[in-house]
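Q: Starting off with a structure, shown below.
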Amino acid sequence: MHSLLILNGPNLNLLGLRQPEVYGRTTIADVEAMCRAHAETLGVSLDFAQSNHEGALIDAIHAARGTKDGIILNAGAYTHTSVALMDAISSAEVPTIELHLSNVHAREEFRHVSYIAKVALGVICGFGPRGYTLAMDALVSHLDR
């Protein structure tokens, strides 16, 4: 059985409240429930976490080394600023998919740069909460190879 970590970064605790015109009305609890249900259909175990603190995200990535088979990371704004998260993913050596609810390439110019993408298997963006299950499918498919 594969073991996955879904890790959510800053401001994602406000899903459903913050900019619903961009991020929708689905809450982080709704996303977690959807992911847990999908994990059951895939036959994988799942840990799901959110933090507004860069160091906590780095600690979670480090803890995944040797304990998780894959990570799905929605790093929020840290995607565009955090060399430290990029380095953590690289050094943890756990296959990681970068995820965004919105299409970051259709937004402000600064959101077009991703440090995470440089060390990720791939990037899923623009599909709203459905992106989480798409990322789970992609990660499990990669791990099954």
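The numbers here are math on the coordinates, done by the rules we state, and not lab data. From a predicted model like this one, the values you see are computed outputs, not experimental measurements. Every residue, glycine as well, gets a Cβ built from its backbone with ideal geometry; the counts of neighbours run over all protein chains shown.
Q: Under a point-charge model restricted to the Cβ atoms of Lys and Arg (+1) and Asp and Glu (-1), what is the dipole moment magnitude of the chain relative to its Cα centre, in debye to the nearest 20?
A: The dipole magnitude comes to about 160 debye.
Q: Taking the mean number of other Cβ atoms within 10 Å as a proxy for protection, how do you rank 63-75, 33-45 from highest to lowest?
A: So the peptides 63-75, 33-45, ranked by packing, come out 63-75, 33-45.
Q: Find, among the GluC sites (Glu not before Pro) in region 95-145, those assigned to loop by DSSP (not H, G, I, E, B) with at most 10 other beta-carbon atoms within 10 angstrom.
A: In loop regions of region 95-145 (DSSP not H, G, I, E or B), the sparsely surrounded GluC sites (Glu not before Pro) are Glu108.
Q: Find out how many positive minus negative residues lie around Ala88, taking Lys and Arg as positive, Asp and Glu as negative, among other residues whose Cβ is under 10 Å from that of Ala88.
A: With Lys, Arg at +1 and Asp, Glu at -1, the neighbours total -2.
Q: Report ³J(HN,Hα) in whole Hz for each residue of region 140-145, in order, from the Karplus equation J = 6.51 cos²θ - 1.76 cosθ + 1.60 where θ = phi - 60°; Gly and Pro get x.
A: 5, 4, 4, 5, 6, 5
Q: So, one more: Tell me which residues come under 5 Å, amide H to amide H, from His2 once H is placed; ignore anything under 5 positions away on its chain.
A: Residues meeting the amide H criterion: Ser45.
Q: Check Gln50: other-chain or 5+ apart residues with amide H under 5 Å from its amide H, H built from backbone geometry?
A: Asn8
Q: Moving on to the next point. Starting from the amide H of Leu15, placed 1.01 Å from N in the peptide plane, find each other amide H under 5 Å away whose residue is 5 or more places distant or on another chain.
A: Answer set, sorted by chain and number: Ile28.
Q: Using each residue's phi in region 71-86, evaluate 6.51 cos²θ - 1.76 cosθ + 1.60 at θ = phi - 60° and report the 3J(HN,Hα) Karplus result to the nearest Hz, with x for Gly and Pro.
A: Once θ is set to phi - 60°, the couplings for region 71-86 become 10, 10, 10, 9, 7, x, 5, 4, 3, 9, 9, 9, 5, 4, 5, 4 Hz.
Q: Work out from phi, with θ = phi - 60° and the Karplus expression 6.51 cos²θ - 1.76 cosθ + 1.60, the ³J(HN,Hα) of each residue of region 43-60, listed in order in whole Hz, and give x for Gly and Pro.
A: So the J values, rounded to whole Hz, are x, 10, 8, 9, 10, 9, 9, 9, 8, 8, 10, 4, x, 5, 5, 4, 4, 5.
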